[in-house]
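Shown next, in C-alpha cells, is the structure this report addresses.
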Amino acid sequence: MDSEGLKSLAVALSIGLGAIGPGIGIGMIGSKAMEALGRNPEAESSIRTTMILSIAFAEAVAIYALVVSLILKFT
Amino acid sequence: MPEISIKAEPIFNFFGFRVTNSLFTSIIVTIVFLLIAIYYSKQITASKKSGFFYLIHFIIKSIYDLFETVLGDKIRIFFTLMLSFFLFILLQNWFGLLPGVGSIMIAIKEHGKILHVPVFRGGNADLNTTLALALISVTMIQFYGIKFLGFVQYLKKFIDLSNPINFFVGFLEIISEISKILSFAFRLFGNIFAGEVLLTIVAFLVPVLASFPFIILEVFVGFVQALVFAMLTTVFLNGAIAKHH
C-alpha cells in the first residue's frame, strides 16, 4: 500500500475509533438525564444545563480525534 | 474537492504585520460588538427605549439568571467577564455562518505564485483565536484564585509538602491547569472548524437546499459552544476561589 492510501486509512481510523467512546458516553449521559427528568420534572432547567455541560465534556474527546484526523487529512 | 486549509491565510500586510483572514473577521466582529455595546449604554438612559434595546436586555437578563445559579452572589464580580466571553464567542461563531464568509475570494501573490484565499473566515476557525481566549480564561482563573485566597493559600493547592500523596496530587493539579488551556482551545476550534468543513462538503455534494438543516445545526452548535466556554470558565472559577481543606 502506498503512503497516500495509508494516510486515508489513518484519517478514517482516527475519527472512527475516536467516536466510539464519546458516543457511548453521550448516550449514557442522555439516558441518565431522561431518568432524572422522569423522577424529578420540576428540576428540568438545572438538569438540562448540567446535561449540556457533561455532553460537551464527552464530545470534546471526539473533537480531539476529529482535529487529529483533519490535521492528517489537510496538511 | 474544494480547497480546505487548516490554518488561516494572510490576506494583506499592515506595516509588515501579516493580517490573516481570521484576524480580519475578528476585528469586524469586535467593532460590531463595540457598536452594540455603545448603543446599549446610550439607550439605557434614554426615556423612550427601542425594541432592539429590550431584545439585548432580555438576552443579558437570561444569561445573568443562568450564571447566578452557579456563582450565587459572587456574580456581581464575574458577570462582566462571563458575558463578554459568551457574547463575543457567540458573535464570532454566528458571523462565520453568514453568506460570503469563506466564499468571497481574493487573489494574493505569495512566493511568486498567485493564490486565491477567502477574505473572511470564521474567527474561531483559527487555532490562534481560541488559544488566546483559552489563555485569557485560565489566566483570569489563576488571578481570581490568588485574589480571593491569597498567594500562599492558593499556591498550597499546587505544592503541598505535608505528605507524599498530597505532593503528587499537587503535581496533577498543575497538569490539569495546563490541560484546561488545551481543552478550551481545541474544543472551540474543533467544533467551529469541523462545522465549516461540513458545510463546505455538503454544499459541494448537493448544491441546492441540502445545506439548510446543517446551517440550523451550526447555529445551535455555535450557541452551545459559546455557552459551554462561558459555563466551564464559571465552574472552574468557582472551584478556584472556593476554600479547600
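Here B:I89 does not qualify as hydrophobic (A, V, I, L, M, F, W, C) and free of Cβ contacts under 8 Å to residues at least 24 places away in the same chain. Only one entry in B:I28, B:I77, B:I44 is modelled with pLDDT of 85 or more and within 18 Å of the chain's Cα centre (by Cα), namely B:I28. Only one entry of B:L199, B:L217 meets the criterion of being of a type in the set (A, V, I, L, M), touching a helix residue (DSSP H, G or I) at 6+ places or on another chain (Cβ under 9 Å) and surrounded by 14 or more Cβ atoms within 10 Å (Cβ to Cβ), and that entry is B:L199.
Looking at the stretch A:27-49, can you tell me whether even one residue there is of a type in the set (A, V, I, L, M) and either in contact (Cβ under 8 Å) with a residue 24 or more places away in the chain or not in a helix (DSSP H, G or I) (or both)? Looking for residues that are of a type in the set (A, V, I, L, M) and either in contact (Cβ under 8 Å) with a residue 24 or more places away in the chain or not in a helix (DSSP H, G or I) (or both), one finds at least one in the stretch A:27-49, hence yes. Looking only at residues that are farther than 18 Å from B:G239 by Cβ and in a helix (DSSP H, G or I) in the stretch B:152-170, which one is farthest from the other protein chains (Cβ to nearest Cβ)? Checked the stretch B:152-170; the qualifying residue farthest from the other protein chains (Cβ to nearest Cβ) is B:V152. Restricting B:S183, B:S137 to those that are within 30 Å of A:L72 (Cα to Cα) and within 14 Å of another protein chain (Cβ to nearest Cβ) reduces the list to B:S183.
Looking for something charged (D, E, K, R) and within 14 Å of chain B (Cβ to nearest Cβ) - is there at least one such residue anywhere in the stretch A:20-43? Checked against the condition, which is being charged (D, E, K, R) and within 14 Å of chain B (Cβ to nearest Cβ), the stretch A:20-43 yields no hits at all.
Annotation note: Cβ proximity below 7 Å between a residue of the stretch A:60-75 that is within 7 Å of another protein chain (Cβ to nearest Cβ) and a residue that is part of a loop (DSSP other than H, G, I, E, B) and surrounded by fewer than 19 Cβ atoms within 10 Å (Cβ to Cβ) (sequence gap 6+ or interchain) occurs for A:L70/B:I6; A:I71/B:I6; A:F74/B:I4; A:F74/B:S5; A:F74/B:I6; A:T75/B:I6. Tell me yes or no: at least one residue of the stretch B:44-60 is closer than 28 Å to B:A242 by Cβ, surrounded by 11 or more Cβ atoms within 10 Å (Cβ to Cβ) and either touching a residue at least 12 places away in the same chain (Cβ under 8 Å) or touching an Asp or Glu at 6+ places or on another chain (Cβ under 9 Å) (or both). Looking through the stretch B:44-60, at least one residue is closer than 28 Å to B:A242 by Cβ, surrounded by 11 or more Cβ atoms within 10 Å (Cβ to Cβ) and either touching a residue at least 12 places away in the same chain (Cβ under 8 Å) or touching an Asp or Glu at 6+ places or on another chain (Cβ under 9 Å) (or both).
Could you say whether any residue in the stretch B:74-90 is assigned to a helix (DSSP H, G or I) and closer than 17 Å to B:N21 by Cβ? No, the stretch B:74-90 contains no residue that is assigned to a helix (DSSP H, G or I) and closer than 17 Å to B:N21 by Cβ.
A Cβ distance below 6 Å, combined with a sequence gap of six or more or placement on separate chains, defines the contacts here; from the stretch A:3-22, residues that are aliphatic (A, V, I, L, M) reach residues that are surrounded by 15 or more Cβ atoms within 10 Å (Cβ to Cβ) and part of a helix (DSSP H, G or I) in the pairs A:A10/A:L72; A:V11/A:S69; A:V11/A:L72; A:V11/A:K73; A:I15/A:A65; A:I15/A:L66; A:I15/A:S69; A:A19/A:A62. Does A:E59 satisfy being more than 12 Å from the chain's Cα centre (by Cα) and part of a helix (DSSP H, G or I)? Judged against the criteria, A:E59 is not a match.
Test B:F148 against the criterion of being away from every other protein chain (no Cβ under 14 Å), assigned to a helix (DSSP H, G or I) and surrounded by 16 or more Cβ atoms within 10 Å (Cβ to Cβ), and give yes or no. Spelling it out, B:F148 is indeed away from every other protein chain (no Cβ under 14 Å), assigned to a helix (DSSP H, G or I) and surrounded by 16 or more Cβ atoms within 10 Å (Cβ to Cβ). Under the condition of being free of Cβ contacts under 8 Å to residues at least 12 places away in the same chain and not hydrophobic (A, V, I, L, M, F, W, C), which residue from the stretch B:184-214 is farthest from B:A134 (Cα to Cα)? Checked the stretch B:184-214; the qualifying residue farthest from B:A134 (Cα to Cα) is B:P207. Within the stretch B:161-191, being in contact with a Phe, Trp or Tyr (Cβ under 8 Å, 6 or more places away or on another chain) and of a type in the set (S, T, Y) holds for no residue. Are any of the residues in the stretch B:208-218 within 24 Å of the chain's Cα centre (by Cα) and within 14 Å of chain A (Cβ to nearest Cβ)? Yes: the stretch B:208-218 contains one or more residues that are within 24 Å of the chain's Cα centre (by Cα) and within 14 Å of chain A (Cβ to nearest Cβ).
Within the option set B:V235, B:V197, being out of contact with any strand residue (DSSP E or B) (no Cβ under 7 Å at 6 or more places or on another chain), within 18 Å of B:Q92 (Cβ to Cβ) and within 11 Å of another protein chain (Cβ to nearest Cβ) holds for one residue only, B:V197.
Residues in the stretch B:1-21 that are of a type in the set (V, I, T) and within 14 Å of chain A (Cβ to nearest Cβ): B:I4, B:I6.
The values are calculated or read from the model by the stated rules, or taken from the named source; none is laboratory data. Note that the structure is a prediction, hence the values are computed from the model and not measured. Every residue, glycine among them, receives a Cβ derived from its backbone with ideal geometry; neighbour counts consider all protein chains shown.
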